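The values are calculated or read from the model by the stated rules, or taken from the named source; none is laboratory data. For clarity, every value in this text was computed on a predicted model and none was experimentally measured. In this analysis, Cβ positions are derived from the backbone assuming ideal geometry, glycine residues included, and neighbour counts consider all displayed protein chains.
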Amino acid sequence: MTFPLPTFLHVQRAAKILDGIVYQTPVLRSSYLDELCGGTVFLKCENLQRTGAFKFRGAYHGLACKESSAPFHQVVTVSSGNHAQGLALASQLLGYSAHIVMPEPVNVFKRMRVEELKGTVTVRSTRQEAQEFAQDLVWRKRGLFIHPFNDADVIAGQGTATLELLQAEPTLDVILAPVGGGGLLSGACLAAHGLHSAIKVYGCEPARAMDACLSLQQGMIVRPDPADTIADGLRTSLGECTFGVLQDHVEEIFVVEEEEIISAMKIAFERLHLVLEPSAAVALVPLLRGEPALVKKRVGALLSGGNISLPDFFSLTGHCL
């Protein structure tokens, strides 16, 4: 199956659709990070986005672009977390009901947030079983499936975060973004290179789920085996659409260790006064360890989300309740 690849024009159109719907999240500075990495750092705080993550951008845009297709009332997806929340809110705003199929292990906090947004949740033991149940649900309910990342409309929506960042700071040399399925990173590539072809875009990925890094090295999609990182939002593999974009645009993937992710969460909390979930903290790691590619550069980092419960945050970082 061939997936159409999104373009920069697609991202620009998405920005118009999302205007007034998504929050234009702040871009923060940190002299502390500047000193550590030897560059000038700008943090795009998508942890302050509606539903607590960038995923709302793609979910809303993906759904809004498909409203003119065959009639449907039920919106379906497979997601363990942030896309589930984003789609639940998007469905609510656009007048649809959302059915979220979650593969185990389920993040209890994120499930609770989906249900607060009136999404119906079904849990299945494996991702394969979740996919099969979702496909059956689409057929039985005449529903619409919105993929978390392997969808040109979703990727274009995610790209608006980088578009906003570059509108605020148009002279960046480097963009850093987490990568799991690749929607945020793909959108970052399209927005960055649509505006300035010389910008270098780097992905940031846990060593325990480094399938994107291996996929780009080997020229084919590699599945995680298995992904057991604490960055639960980055455990999935690339899709055909995101892989195609990243092959053409991404500079390199920085691989990070679990201890570095935890350290980044602590520093974000103590020094930047930001609560980040592990999947977002990976984008800080190259800055904290002073990657040579970032020295004397103007660096934008996409902080993808902050959806983590207080007990989980303190348990991971070693803070006391």
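Of all residues in the stretch 251-296, which are in contact with a strand residue (DSSP E or B) (Cβ under 6 Å, 6 or more places away or on another chain), assigned to a helix (DSSP H, G or I) and among the β-branched types (V, I, T)?
Residue satisfying the conditions is V285 alone.
Could you identify the single residue in A152, A177, A161 that is under 15 Å from the mean Cα position of the chain (by Cα), more than 25 Å from L276 (Cβ to Cβ) and modelled with pLDDT of 95 or more?
Numbers: A177 fails: more than 25 Å from L276 (Cβ to Cβ); A161 fails: more than 25 Å from L276 (Cβ to Cβ).
The match here is A152.
Looking at Q24, Q74, Q49, which is the one that is farther than 19 Å from L137 by Cα, over 15 Å from the mean Cα position of the chain (by Cα) and polar (S, T, N, Q)?
That would be Q24, the only listed residue that is farther than 19 Å from L137 by Cα, over 15 Å from the mean Cα position of the chain (by Cα) and polar (S, T, N, Q).
Which residue, of E260, E277, E240, is under 26 Å from A198 (Cα atoms) and not hydroxyl-bearing (S, T, Y)?
Values: E260 fails: under 26 Å from A198 (Cα atoms); E277 fails: under 26 Å from A198 (Cα atoms).
Sole residue among the options that is under 26 Å from A198 (Cα atoms) and not hydroxyl-bearing (S, T, Y): E240.
Just one of the numbered conditions (1) surrounded by fewer than 16 Cβ atoms within 10 Å (Cβ to Cβ); (2) closer than 30 Å to A198 by Cβ is not true of V255; which one?
If we test V255 against (1) surrounded by fewer than 16 Cβ atoms within 10 Å (Cβ to Cβ); (2) closer than 30 Å to A198 by Cβ, just (1) comes out false.
Kindly check whether there is at least one residue in the stretch 240-249 that is within 25 Å of P4 (Cβ to Cβ) and at pLDDT below 95.
Looking for residues that are within 25 Å of P4 (Cβ to Cβ) and at pLDDT below 95, one finds none in the stretch 240-249, hence no.
Take the stretch 54-89 and flag every residue that is among the small types (G, A, S) and assigned to a loop (DSSP other than H, G, I, E, B).
Narrowing the stretch 54-89 to residues among the small types (G, A, S): 58-59, 62, 64, 68-70, 79-81, 84, 86, 88.
Hits for the stretch 54-89 are S68, S69, A70, S79, S80, G81.
Working only within the stretch 297-321, note down all residues that are part of a loop (DSSP other than H, G, I, E, B) and more than 18 Å from L28 (Cα to Cα).
The initial filter retains those residues of the stretch 297-321 that are part of a loop (DSSP other than H, G, I, E, B), namely 297, 304, 306-309, 318-321.
Within the stretch 297-321, N307, I308, S309, G318, H319, C320, L321 meet the criteria.
Name the single residue, out of those in the stretch 183-194 being buried (at least 24 other Cβ atoms within 10 Å of the Cβ) and in contact with a strand residue (DSSP E or B) (Cβ under 8 Å, 6 or more places away or on another chain), that is farthest from L234 (Cα to Cα).
First, pick out the residues of the stretch 183-194 that are buried (at least 24 other Cβ atoms within 10 Å of the Cβ): 183-192.
The next check asks that each one be in contact with a strand residue (DSSP E or B) (Cβ under 8 Å, 6 or more places away or on another chain); those that pass are 184-185, 188-189, 192.
Details: L184: 11, L185: 12, A188: 16, C189: 18, A192: 22 Å.
This residue is A192.
Looking at the stretch 217-229 only, could you name the residues that are surrounded by fewer than 22 Cβ atoms within 10 Å (Cβ to Cβ) and outside any helix (DSSP H, G or I)?
Within the stretch 217-229, G219, M220, I221, V222, R223, P224, D225, P226, A227, D228 meet the criteria.
Taking the stretch 43-75 as the search range and keeping residues that are crowded, with 24+ Cβ neighbours inside 10 Å and of a type in the set (F, W, Y), which one is nearest to L287 (Cα to Cα)?
Ranking the qualifying residues of the stretch 43-75, first place goes to F54.
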